[in-house]
Amino acid sequence: MSLASLEHEEVEQFTHEFEALFNAGDAAGMASYYAEDARLLAEHAPLVRGREAIERFWREAISRARAADAVRTIRLDEVTSSGDLGYALGVVVVRIPSGPELTTKYATIWQRDADGRWRLAVDSSSPNPNPNP
């Protein structure tokens, strides 16, 4: 899958679809938004390279979330593009019934492929500091 444009409304729709794929346990659907040679950077994990490895990453993340009864939501804050590159910034909140609420900020870099469609090239996230230590 891919996006036809990197307009805010289309990326906002993507966040809802990506959330739905996560909640449905569809790691392959999630990975289909990434470029073949995409990179994913996540806390406590080595650099993940390539769509197949990214699918495995999401499959494991989904499994952990389901085991914890976690609910994950994505908020898009900003989208910008110029030429064949763009980025999106936002926040992911994971609510765990028997644990803390985890907030992560993310930055994604999107690239327009030869077919004119937008795909994720880099997906990077890091935890927000706990405001109440």
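Some notes on this structure:
- Flag: N23 does not match the condition of being at pLDDT below 95, of a type in the set (S, T, N, Q), loosely packed, with under 14 Cβ neighbours inside 10 Å and in contact with a Lys or Arg (Cβ under 8 Å, 6 or more places away or on another chain).
- Residues of the range 117-128 satisfying the condition of being under 17 Å from F14 (Cα atoms) and either without any contact (Cβ under 8 Å) to a residue 24 or more places away in the chain or not in a strand (DSSP E or B) (or both): R117
- Considering each residue of the range 75-86 in turn, at least one proves to be in contact with a helix residue (DSSP H, G or I) (Cβ under 9 Å, 6 or more places away or on another chain), under 19 Å from A20 (Cα atoms) and buried (at least 18 other Cβ atoms within 10 Å of the Cβ).
- Going through (1) of a type outside the set (A, V, I, L, M); (2) at pLDDT 95 or above; (3) closer than 17 Å to E19 by Cβ one by one, T103 falls short only on (2).
- Filtered by the rule that a residue be at pLDDT 95 or above and over 25 Å from D115 (Cβ atoms), the range 35-45 gives a lone residue, L41.
- Of the residues making up the range 95-120, those that are closer than 18 Å to M30 by Cα, surrounded by fewer than 17 Cβ atoms within 10 Å (Cβ to Cβ) and within 13 Å of the chain's Cα centre (by Cα) are A107, I109.
The values are calculated or read from the model by the stated rules, or taken from the named source; none is laboratory data. Please read these numbers as outputs of a predicted model, since none were measured by experiment. Heads up, the Cβs are rebuilt from the backbone with ideal geometry, glycines too, and the neighbour counts pull from every protein chain shown.
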